[in-house]
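What follows is a single structure, written as structure tokens, with notes after it.
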There are 2 protein chains.
Amino acid sequence: MMPGPKLDRIDLKILAKLQQSGRITNVELADAVGLSPSPCLTRAKRLEKAGYITGYGAYLNLHKLGEFLTIFTEVTLTEHRIGDFSRFESKIRKLDEIVECHLVSGGYDYLLKFMTRGVGHYQEIIEGMLEGDYGIEKYFSYVVIKSPFIKHHYPIQNLFSAKAAEREASDRDISELE
Amino acid sequence: MMPGPKLDRIDLKILAKLQQSGRITNVELADAVGLSPSPCLTRAKRLEKAGYITGYGAYLNLHKLGEFLTIFTEVTLTEHRIGDFSRFESKIRKLDEIVECHLVSGGYDYLLKFMTRGVGHYQEIIEGMLEGDYGIEKYFSYVVIKSPFIKHHYPIQNLFSAKAAEREASDRDISELE
DNA sequence: CAGGGCGCGGCATAAAATGCTGTGCAATCA
DNA sequence: TGATTGCACAGCATTTTATGCCGCGCCCTG
């Protein structure tokens, strides 16, 4: 999980490209980053093995599959001992409808993201959680009316510029990056 | 955006498989869903064209690329006329570091997800937003300490069972689904 | 029961993935 | 400063995959 220092500019371009075009052909990827297919594939495989790429996926338009309701839920635990957090986490991990779990600092403990078929479905899950031994003191739900955008591409180009600023002197052809 | 009624069980299996293995080979995909490669590819292409699949991407381990700080921000607008929402949305859409935007019902208006290099970086962006004409009355930030899990696979298998319940009578070989 | 349409599997061709080899550049050391 | 070593690249050959075409069987309809 250490920040790996072994990535050069080409590696970052590969990651950025794959992030937004996961099913791109290696030939096209090689062309996009300015390499021939062979070393490009070698690098991509190395990035996968080294854990920089954790997987690939298709983005689905869930609303075409049926009614979907996204809900964010703030959760406060009753107790805050070491085991209380891990117990809560391992329990909710098993619930398919909870697709994100974040431990936050602030007015509550966890922020959860639910993907459900509707409020009834959500209510069923919540009731199961309250009856189960999750250690929940209270919760608050925010129903998503609409999601104007969800970007699947994280801004790693901002890492470029950050790193670039650090080693500005030794590296002068930044401009080709983007 | 209408829920499309033209999907059979095989289509759903293709979607589910691609969702969790976006770079799978068509040959493997065909084998996984029980088709030969030709019709499998035809279906996959059709699902893409019909908009059920909106894209493909690689999932990156951002923490190996450098320090990243995720922050959820609750935003309340000063005014709530029709144009105020769209103006806010179009402005924040241009900020790379805001990767999700949700309009919610409840105590505030928007829930935003930031991916930043740190609190300083976040503060810069927030200050830019407050100085710009975004129409923000107030905001509250929740710094993510850790994210125990983020699932990239949405529970479309729950759609299976939902749909299955609806048309239980006319469709008896549900068991092969999973 | 006959006709028509749709979707399947199989086959052939084009494209891509993948492994191997030789070469050039750069850093290292004498 | 010049020789050596190592690394990463491009090019090529082979295997695998993608993709379009064709004929067959099933189901729906008349």
Assume the label is 7 Å from Cα along Cα to beta carbon: what separations in nm does A:Thr42 have to the matching positions in the other copies?
4.2
Taking a cut-off of 23 Å between Cα atoms, list the lysines near B:Lys94, but don't count ones fewer than 8 places away on the same chain.
A:Lys13, A:Lys17, A:Lys146, A:Lys151, A:Lys163, B:Lys113, B:Lys138
Copy-to-copy spacing for A:Gly107, label 7 Å out on the Cα-to-C-beta vector, in nm, shortest first?
0.2
Which of rounded, prolate or oblate describes the protein assembly as shown when judged by the alpha-carbon gyration tensor and an a/c cut-off of 1.5?
oblate
Nearest-20 debye value, chain B charge dipole, Cβ charges on Lys, Arg, Asp, Glu
600 debye
Which stretch or stretches of region A:99-129 have amide N atoms under 16 Å from the point lying 7 Å from B:Ile145's Cα along the Cα→Cβ direction?
A:101-112
Using a 1.4 Å probe on protein heavy atoms, which residues of region A:84-117 have at least 50 Å² less accessible area in the complex than alone?
A:Arg93, A:Asp96, A:Val99, A:Glu100, A:Cys101, A:His102, A:Leu103, A:Ser105, A:Arg117
DSSP-assigned coil residues among GluC sites (Glu not before Pro) in region B:23-76, each with at most 16 further Cβ atoms within 10 Å
B:Glu67
Rounded, prolate or oblate for region A:26-80? Axes are the square roots of the Cα gyration tensor eigenvalues, ordered a ≥ b ≥ c, and the cut-off for rounded is a/c under 1.5.
oblate
For the protein assembly as shown, what does the accessible surface come to per residue with a 1.4 Å probe? Please give it in Å².
51 Å²
Any idea what the alpha-carbon Rg over 2.2 N^0.38 Å comes to for region B:62-143?
1.09
Kirkwood Rh and Cα Rg combined as Rg over Rh, evaluated for chain A
1.08
Size of the B/A contact, given as accessible area buried on both chains, probe 1.4 Å, in Å²
7300 Å²
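On the accessible surface of region A:62-143, probed at 1.4 Å, how many percent belong to carbon and sulfur atoms?
Ligands and nucleic acids excluded, carbon and sulfur give 51 percent.
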B from A by rotation - nearest chain A beta carbon to the axis, in Å:
A:Gly22, 2
Per the helix-only model, chain B has a calculated mean residue ellipticity at 222 nm (DSSP H runs of ≥4, -39500 (n - 2.57) each, divided over all residues, rounded to the nearest 500) of -11500 deg cm²/dmol
Mind listing the label-point distances from A:Asp8 to the same position on all other copies, shortest first, one decimal in nm, points 7 Å along Cα→Cβ?
5.2
Region B:49-86: which trypsin sites (Lys or Arg not before Pro) are DSSP loop and have at most 12 other beta-carbon atoms within 10 angstrom?
B:Arg81
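The values are calculated or read from the model by the stated rules, or taken from the named source; none is laboratory data. Note that the structure is a prediction, hence the values are computed from the model and not measured. Note that each Cβ is placed from the backbone with ideal geometry, even for glycine, and that neighbours are counted across all protein chains shown. SASA here: full protein model, heavy atoms, side chains in, ligands and nucleic acids out. Shrake-Rupley method; radii C 1.70, N 1.55, O 1.52, S 1.80 Å.
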